[in-house]
Amino acid sequence: TPIAVLISGTGSNLAALLRSSEEPSSPFVVVGVIADRDASGLEHARAAGIPTEVIRLADHADRAAWDQALADSVARLEPQLVVLAGFMKLVGPPLLEAFGGRIVNTHPALLPSFPGAHGVRDALAHGVKITGATVIEVDAGVDTGRILAQVAVEVRAEDTEHDLHERIKAVEQPLLVEVVSELTADRQDGSATAS
Ligand code: GRF
């Protein structure tokens, strides 16, 4: 089952997906990686020989034009599932219309607590003792979609934002791989029945 991955950062979640996809039993294959900036994580895709593309907001007339360009590029990859793996922009109506219900996102907090760009920092500032990672189905809101899976991480008294984020990433990566595997295995079964 083909998947497209969208990133903005170091791509550790992308790397976990790529490693998993290389296992013979993997139900999914990464057919393209798209970033909104020169994300260092694109290297993981290049090293694996997977097509990459950078679609910058600054290269487009306005946000709507960027939204459309992003949706067009994703559509050209013909993925069954779109995975936002540290993609730091909200996806607009064109992508949601084309892939509604088939876009997932990973977030470094236990949603619905601490949505937005600073989930780790906000959880620390609030003084919670437990936070974690959440994989959601993407809708038009900011981290408001249906919760697909969650895992908890304890906050330590001495934690910096970096330390805590690293421990969250350690559980976030296998969680994302698990959800993507389940969703794409379902689609494989579905197409097998249909044909
Ligand atoms: C992840 O924790 C993601 O949930 C958050 O940013 C991080 C991205 O990490 N929004 P990476 O680029 O996958 O290494």
Exercise for the section: Could you please tell me which pairs satisfy a Cβ distance under 9 Å, a separation of 6+ or placement on different chains, a first residue in the stretch 57-85 that is among the aromatic types (F, W, Y), and a second residue that is not in a helix (DSSP H, G or I)? Expected result: W66/D36; W66/I55; W66/R56; W66/H60; W66/K89; W66/G92
Fill in the blank from the handout: The condition from (1) under 14 Å from the mean Cα position of the chain (by Cα); (2) free of Cβ contacts under 8 Å to residues at least 12 places away in the same chain that A125 misses is numbered (1)
Practice task
Mind listing whichever residues of the stretch 131-152 are buried (at least 20 other Cβ atoms within 10 Å of the Cβ) and either touching an Asp or Glu at 6+ places or on another chain (Cβ under 9 Å) or free of Cβ contacts under 8 Å to residues at least 12 places away in the same chain (or both)?
Solution key: T131, G132, A133, T134, V135, I136, G145
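Each row is one residue, and each column tells you yes or no for (1) modelled with pLDDT of 95 or more; (2) more than 18 Å from N105 (Cβ to Cβ); (3) of a type in the set (A, V, I, L, M, F, W, C).
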position	(1), (2), (3)
G127	yes, yes, no
T131	yes, no, no
I136	yes, no, yes
V155	yes, yes, yes
E158	yes, yes, no
R167	yes, yes, no
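Considering every residue within the stretch 105-128, establish whether at least one is hydroxyl-bearing (S, T, Y), within 11 Å of the ligand (Cβ to nearest atom) and buried (at least 19 other Cβ atoms within 10 Å of the Cβ).
Scanning the stretch 105-128 turns up at least one residue that is hydroxyl-bearing (S, T, Y), within 11 Å of the ligand (Cβ to nearest atom) and buried (at least 19 other Cβ atoms within 10 Å of the Cβ).
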Practice task
Mind listing whichever residues of the stretch 129-141 are within 12 Å of the ligand (Cβ to nearest atom) and within 26 Å of I3 (Cβ to Cβ)?
Solution key: G132, A133, T134, V135, I136
Practice task
Answer yes or no: is there a residue in the stretch 73-88 that is among the charged types (D, E, K, R) and closer than 26 Å to H118 by Cα.
Solution key: no
Problem - Matching residues in the stretch 71-100 - criterion: being within 14 Å of the ligand (Cβ to nearest atom) and surrounded by fewer than 21 Cβ atoms within 10 Å (Cβ to Cβ) - result: M88, K89, L90
Problem - Search result, residues across the stretch 1-47 that are more than 13 Å from the ligand (Cβ to nearest atom), crowded, with 20+ Cβ neighbours inside 10 Å and in contact (Cβ under 8 Å) with a residue 40 or more places away in the chain - result: T1, I3, A4, S20, F28, G32, I34
Handout entry: Filtered residues of the stretch 153-176 (kept if more than 15 Å from N13 (Cβ to Cβ) and either without any contact (Cβ under 8 Å) to a residue 40 or more places away in the chain or within 11 Å of the ligand (Cβ to nearest atom) (or both))
Key = V153, E154, V155, R156, A157, E158, D159, T160, H162, D163, L164
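The values are calculated or read from the model by the stated rules, or taken from the named source; none is laboratory data. Just so it is clear, the structure is predicted and the values come from calculations on it, not from any experiment. Here Cβ is always computed from backbone atoms with ideal geometry, including for glycine, and neighbour counts include all displayed protein chains.
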